[in-house]
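What follows is one structure encoded as structure tokens, with my remarks underneath.
The values are calculated or read from the model by the stated rules, or taken from the named source; none is laboratory data. These numbers were taken from a predicted model, which means no experiment stands behind them. Glycine also receives a Cβ, built like all others from the backbone with ideal geometry; neighbour counts cover every protein chain displayed. Note: accessible area is taken over every heavy atom of the protein model, side chains too, but ligands, DNA and RNA are not part of it. Shrake-Rupley method; radii C 1.70, N 1.55, O 1.52, S 1.80 Å.
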Amino acid sequence: MSQQPTSESPLARAALITVALTFLGFFLLLPLLAVFSEALRQGAGPFLDALHTPDALAAIRLTLIIAAISVPLNMVFGVAASWAITKFQFPGKALLITLIDLPFSVSPVVSGLIFVLLFGANGLFGAWLAEHDLKIIFAVPGIVLATVFITFPFVARELIPLMLEQGKDDEEAAISLGATGWQTFWHVTLPNIRWGLLYGVLLCNARAMGEFGAVSVVSGHIRGETNTMPLHVEILYNEYDFVGAFAVASLLALLALVTLVAKTVLEWRFGLHAGARH
Amino acid sequence: MSARSTRWRQPSVLPGFGLSFGFTLAWLTLIVLIPLATIFLKAAGLGWSEFLAVGFSPRAMAAYQLSFGTAAAAGLVNAVFGLIVAWVLVRFDFTGKQVVSALVDLPFALPTAVAGIALTALYTPEGWIGQFLEPLGIKVAFTWIGITIALVFIGLPFVVRSVEPVLADLGREVEEAAATLGATRWQTFTRVIFPAIGPALLTGFALAFARGVGEYGSVIFISGNMPGRTEIAPLLIVTQLEQYAYAGATAIAVVMMLASFAVLLLINLIQAASRWRMGA
Amino acid sequence: MIHLRGITKQFGDYPALHGIDLDVAPGEFIALLGPSGSGKTTLLRIIAGLEFQDSGTVLLGGEDVSRTPVADRHVGFVFQHYALFRHMTVADNVAFGLSVRRGKHRIAKAARQARAEELLRLVQLEGLGSRYPGQLSGGQRQRVALARALAIEPRLLLLDEPFGALDAKVRKDLRRWLRDLHKAMGLTSIFVTHDQEEALELADRVVVMSQGRIEQIGAPDAVYMNPETPFVSHFVGETNRLPASGGEIHFRPHEITVTPDGSEAVLVDNVFRKGAVWRAEGLLEGSGQFVELDLPSSQDAPRLGQTIRFNPHRARMFNADGDHTQGDLP
């Protein structure tokens with residue numbers, strides 16, 4: 001059987017696959033395996049002990065709280081922004097999309113810095129906040145703000161292409177049949193976009209729980225109070241408590257794996273696809 | 001809906017424009033635009049001479065050089081291997097392809113700090129990989145090579161996910177057309193396929209580069225953080241902040257942001273030009 | 001020119017071609033006509049070298065090219081969706097085949113450009129050489145694709161559904177133009193189509209295919225007037241079927257004589273103008289078979305509910321075992 005004109009020879013094909021898999025193995029798979037291997041280096045006992053410390057539990061709790069606040073906020077924003085952008089024609093739309101994407105192109109550290117400049121002790125509103133005994137920086141509100149900023153585009157980014165593709169025929173049909181705006185949204189739009197929405201929320205949540213740079217700048221690293229899981233990993237690591245650091249890290253890695261599996265299932269089942277910029 | 005805004009946007013039977021657009025604009029302004037504007041306001045308050053002095057101090061220059069240099073090096077590595085990975089994922093079928101494809105997104109999903117400590121553990125002289133490099137005299141951890149490796153990790157999906165759809169969309173027909181016209185496989189690749197995916201590859205490179213310049217979590221563990229040697233620009237911002245040197249932190253942040261925006265603007269222009277040419 | 005002998009091809013478990021034999025003379029314009037899945041495109045791609053047959057031989061100009069790679073066959077191929085190189089200008093697209101030549105076949109850039117301009121003039125796209133394919137209309141793109149295929153001076157031109165993606169109007173203009181070009185350049189061409197009208201209008205000979213087999217090869221008139229199988233009778237042109245003992249009688253809507261003592265009667269339930277004739281549709285009395293009849297529009301239109309009696313004056317009888325007889329009926 002002669003070779004097809006548009007496919008590589010079996011040798012070239014095997015070579016390409018080998019190169020790709022070796023590269024991925026070294027750069028992606030090994031780091032992942034290293035997390036679990038280091039966490040379990042001294043067996044399951046020390047691993048579990050490391051997760052049971054009050055500081056670790058506090059960090060887990062804070063991370064969940066942060067995600068529970070910032071993800072819904074961005075979900076509502078993402079749906080509203082996508083509705084405005086995809087169902088209506090107005091000038092300046094491209095600019096609006098660019099602005100929504102802006103947080104993707106800002107360094108996480110800078111994302112934290114801007115809130116320090118606004119609400120820090122020497123910040124724009126620093127004096128006013130101190131006067132009223134309000135604390136944003138080095139406290140939970142600052143972490144929430146930084147996380148919302150960092151994860152701002154996630155949901156909108158997944159929904160806009162999806163809703164553009166779906167068009168507005170369904171909604172116009174519902175309105176023409178006498179449905180109100182809310183009825184149309186709940187019974188027509190939302191069921192159409194629910195998997196895309198879930199997909200965006202999933203990616204948003206992974207980033208919200210895992211964000212390090214921005215949160216690191218605004219948190220103040222107060223153990224048991226403003227330490228999220230990624231920050232706790234850093235503290236333990238810098239104290240040479242490697243088993244502890246990797247134990248907490250392995251929880252985050254598990255979260256990442258769950259996210260990847262769910263993402264793959266959604267992509268496979270519903271043909272959804274992430275944009276390249278996260 | 002006022003008469004003016006009805007003219008401003010095209011009329012539609014669908015309701016909720018005022019609410020959704022108003023909320024979008026308000027939330028965007030509050031969370032993104034005002035905070036980002038603060039930093040430029042603060043930088044403007046510094047005055048030119050102070051801005052130049054702190055924004056381009058020798059230490060800052062060394063940090064930029066390191067951040068931009070390693071991000072570019074990692075971007076190039078990813079451009080080459082990312083293209084191969086994308087090619088393999090689009091063109092070949094093999095067992096476990098689904099898993100491999102999912103794995104490519106790991107850097108999007110894995111918290112950067114976790115990636116940072118994992119890579120450090122691998123490349124220290126006692127690590128799984130470091131132990132083989134040590135006898136060869138190659139030091140990875142705590143050198144620019146380590147930083148580059150962390151940025152390769154972070155940037156890979158940008159290249160793969162940018163190139164993949166374009167490669168898939170390219171279709172076999174143009175390659176068949178090239179073959180019927182007498183082109184060899186290599187000529188087909190260099191003259192037909194590569195130019196067609198070039199803009200996407202460049203986009204992937206630029207996205208990986210922009211992300212790499214600003215990357216913090218995955219780098220600081222493996223970099224060693226020696227000022228002037230392995231101190232990346234984002235770390236310098238954090239260091240300045242910890243010393244309450246807000247002016248320095250702001251100036252460096254502004255320089256970095258302008259550089260990233262310039263890169264992203266450039267790729268948008270390139271893409272717009274190629275879209276215009278291809279009439280899409 | 002082309003001799004195909006016993007070409008077979010299987011995709012997995014699916015047999016695409018069962019032993020195709022076909023001879024094409026120099027200068028002929030051949031249509032491969034069939035429904036999707038008939039194997040016509042696969043056959044075309046095998047001739048081009050884009051697929052390889054499982055068995056059988058392909059002779060091009062007396063040379064056995066059965067195992068020759070596509071790049072060395074010098075066969076021009078025009079794809080249904082044009083397959084133009086989007087990142088190249090129109091002129092670069094056309095000159096591509098010349099620019100990839102190596103060694104002693106290399107052609108200087110100036111000569112390549114001159115040749116591309118000449119070809120663009122030939123396909124009436126003079127002055128559009130510096131545009132990109134994305135900036136052209138569908139019909140223009142198809143002509144660029146044709147110019148590109150002609151640039152390598154192919155010994156054979158193959159076209160896969162060349163008008164499939166075009167508007168009806170553009171399609172009609174392009175058909176006539178292609179016909180003229182084929183004649184003027186003395187090409188040997190084979191095109192694939194599922195549109196019988198296109199095949200009958202353009203081709204010197206039509207090859208009707210179904211399920212990986214050739215059903216009939218013949219001049220357009222012969223294929224239309226004397227179909228050799230029930231499939232061809234049904235696929236090419238419109239056909240009414242009447243059950244008969246041992247088989248079926250096929251006749252075209254216009255192959256009838258209306259007469260009060262006709263052997264068949266149809267109760268008209270729909271009438272419309274179809275070009276120059278009235279088309280009456282209805283069910284046959286007795287068998288209940290649906291038939292379509294063409295009546296001269298110089299007469300009054302048939303009325304709904306009217307019963308028309310007629311005799312087929314020309315028909316074909318297909319026996320259950322595949323034999324057939326045909327000709328004027330008494």
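Numerical summary
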| item | result |
| --- | --- |
| Some residue of the stretch B:72-80 being within 12 Å of another protein chain (Cβ to nearest Cβ), in a loop (DSSP other than H, G, I, E, B), free of Cβ contacts under 8 Å to residues at least 12 places away in the same chain and out of contact with any Leu (no Cβ under 7 Å at 6 or more places or on another chain) | no |
| Considering residues of the stretch A:181-219 that are within 8 Å of another protein chain (Cβ to nearest Cβ) and more than 30 Å from residue A:252 (Cβ to Cβ) only, the residue surrounded by the most Cβ atoms within 10 Å (Cβ to Cβ) | A:184 |
| Residue that is in contact with a Ser or Thr (Cβ under 8 Å, 6 or more places away or on another chain), among the polar types (S, T, N, Q), farther than 28 Å from residue C:100 by Cβ and away from chain B (no Cβ under 14 Å), where the choices are C:66, C:38 | C:38 |
| Those residues of the stretch C:81-92 which are facing chain B (nearest Cβ under 8 Å) and under 16 Å from residue C:140 (Cβ atoms), in sequence order | C:81, C:83, C:84, C:85, C:86, C:88 |
| All positions within the stretch B:83-126 that are of a type in the set (Asp, Glu) and either more than 7 Å from chain A (Cβ to nearest Cβ) or part of a helix (DSSP H, G or I) (or both) | B:93, B:126 |
| Unmet requirement for residue C:29, which otherwise passes all of (1) open to solvent by less than 10 Å² (accessible area, probe 1.4 Å); (2) touching a Lys or Arg at 6+ places or on another chain (Cβ under 7 Å); (3) farther than 30 Å from residue B:167 by Cα | (2) |
| Some residue of the stretch C:162-173 being in contact with a Phe, Trp or Tyr (Cβ under 7 Å, 6 or more places away or on another chain) and in a helix (DSSP H, G or I) | yes |
| Residues satisfying the stated conditions in the stretch A:124-135, i.e. assigned to a helix (DSSP H, G or I) and either modelled with pLDDT of 95 or more or open to solvent by 60 Å² or more (accessible area, probe 1.4 Å) (or both) | A:127, A:128, A:130, A:131 |
| Residue in the stretch A:240-257 that is within 7 Å of chain B (Cβ to nearest Cβ), closer than 22 Å to residue B:162 by Cα and open to solvent by less than 20 Å² (accessible area, probe 1.4 Å) present | yes |
| Residue under evaluation residue A:81, criteria (1) among the small types (Gly, Ala, Ser); (2) buried (at least 20 other Cβ atoms within 10 Å of the Cβ); (3) more than 8 Å from chain B (Cβ to nearest Cβ), criterion not met | (3) |
| Neighbours by Cβ (under 6 Å, 6+ apart or cross-chain): first from the stretch C:93-121, within 13 Å of another protein chain (Cβ to nearest Cβ) and closer than 21 Å to residue C:82 by Cα; second outside any helix (DSSP H, G or I) and of a type in the set (Val, Ile, Thr) | C:97/C:152; C:98/C:107 |
| Test set (1) open to solvent by 40 Å² or more (accessible area, probe 1.4 Å); (2) within 16 Å of residue B:114 (Cα to Cα) - residue A:32 fails condition number | (1) |
| Out of A:47, A:26, sole residue that is in contact with a Leu (Cβ under 6 Å, 6 or more places away or on another chain) and either open to solvent by 10 Å² or more (accessible area, probe 1.4 Å) or within 12 Å of chain B (Cβ to nearest Cβ) (or both) | A:47 |
| Selected residue [in contact (Cβ under 8 Å) with a residue 60 or more places away in the chain and either touching a His at 6+ places or on another chain (Cβ under 6 Å) or in the same structural domain as residue C:202 (by TED's automatic domain parsing) (or both)] from C:66, C:55, C:38 | C:38 |
| Selected residue (only one of C:57, C:42 is under 17 Å from residue C:9 (Cβ atoms), open to solvent by 10 Å² or more (accessible area, probe 1.4 Å) and in a helix (DSSP H, G or I)) | C:42 |
| For residue C:157: the one exception among (1) buried (at least 20 other Cβ atoms within 10 Å of the Cβ); (2) out of contact with any Ser or Thr (no Cβ under 6 Å at 6 or more places or on another chain) | (2) |
| When residues of the stretch B:170-229 are limited to those that are in a helix (DSSP H, G or I), under 25 Å from residue B:114 (Cβ atoms) and touching an Asp or Glu at 6+ places or on another chain (Cβ under 9 Å), the one nearest to the other protein chains (Cβ to nearest Cβ) | B:217 |
| Residue list for the stretch B:242-268, restricted to those being farther than 13 Å from residue B:57 by Cβ, without any contact (Cβ under 8 Å) to a residue 24 or more places away in the chain, at the interface with chain A (Cβ under 9 Å from one of its Cβ atoms) and within 22 Å of the chain's Cα centre (by Cα) | B:261, B:268 |
| Selection status of residue A:99, facing chain B (nearest Cβ under 7 Å) and open to solvent by 40 Å² or more (accessible area, probe 1.4 Å) | yes |
| Residues located in the stretch C:3-18, provided they are in contact (Cβ under 8 Å) with a residue 60 or more places away in the chain, open to solvent by 40 Å² or more (accessible area, probe 1.4 Å) and in contact with a strand residue (DSSP E or B) (Cβ under 7 Å, 6 or more places away or on another chain) | C:18 |
| Filter pass, residue A:144 being open to solvent by less than 30 Å² (accessible area, probe 1.4 Å), within 8 Å of chain B (Cβ to nearest Cβ), in a helix (DSSP H, G or I) and not small (Gly, Ala, Ser) | no |
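One line per residue, one yes/no per condition, for (1) at pLDDT below 95; (2) at negative phi; (3) over 20 Å from the mean Cα position of the chain (by Cα); (4) not in a helix (DSSP H, G or I):
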| residue | (1), (2), (3), (4) |
| --- | --- |
| A:48 | yes, yes, yes, no |
| A:67 | no, yes, no, no |
| A:70 | no, yes, no, no |
| A:80 | no, yes, no, no |
| A:94 | yes, yes, yes, no |
| A:122 | yes, yes, yes, yes |
| A:137 | yes, yes, yes, yes |
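Quick grid of which residues meet (1) open to solvent by 20 Å² or more (accessible area, probe 1.4 Å); (2) under 30 Å from residue A:168 (Cα atoms); (3) within 9 Å of chain A (Cβ to nearest Cβ):
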site: B:13; (1), (2), (3): yes, yes, yes
site: B:21; (1), (2), (3): yes, yes, yes
site: B:34; (1), (2), (3): yes, no, yes
site: B:41; (1), (2), (3): yes, no, yes
site: B:45; (1), (2), (3): yes, no, no
site: B:54; (1), (2), (3): yes, no, no
site: B:57; (1), (2), (3): yes, no, no
site: B:62; (1), (2), (3): yes, no, no
site: B:68; (1), (2), (3): yes, no, no
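Here is a yes/no grid of residues against (1) under 27 Å from residue B:121 (Cα atoms); (2) open to solvent by less than 20 Å² (accessible area, probe 1.4 Å); (3) under 15 Å from the mean Cα position of the chain (by Cα); (4) modelled with pLDDT under 95:
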| residue | (1), (2), (3), (4) |
| --- | --- |
| B:176 | no, yes, no, yes |
| B:179 | no, yes, no, yes |
| B:187 | no, no, no, yes |
| B:195 | no, no, no, yes |
| B:206 | no, yes, yes, yes |
| B:211 | yes, no, yes, yes |
| B:223 | yes, yes, no, yes |
| B:228 | yes, no, no, yes |
| B:240 | no, no, no, yes |
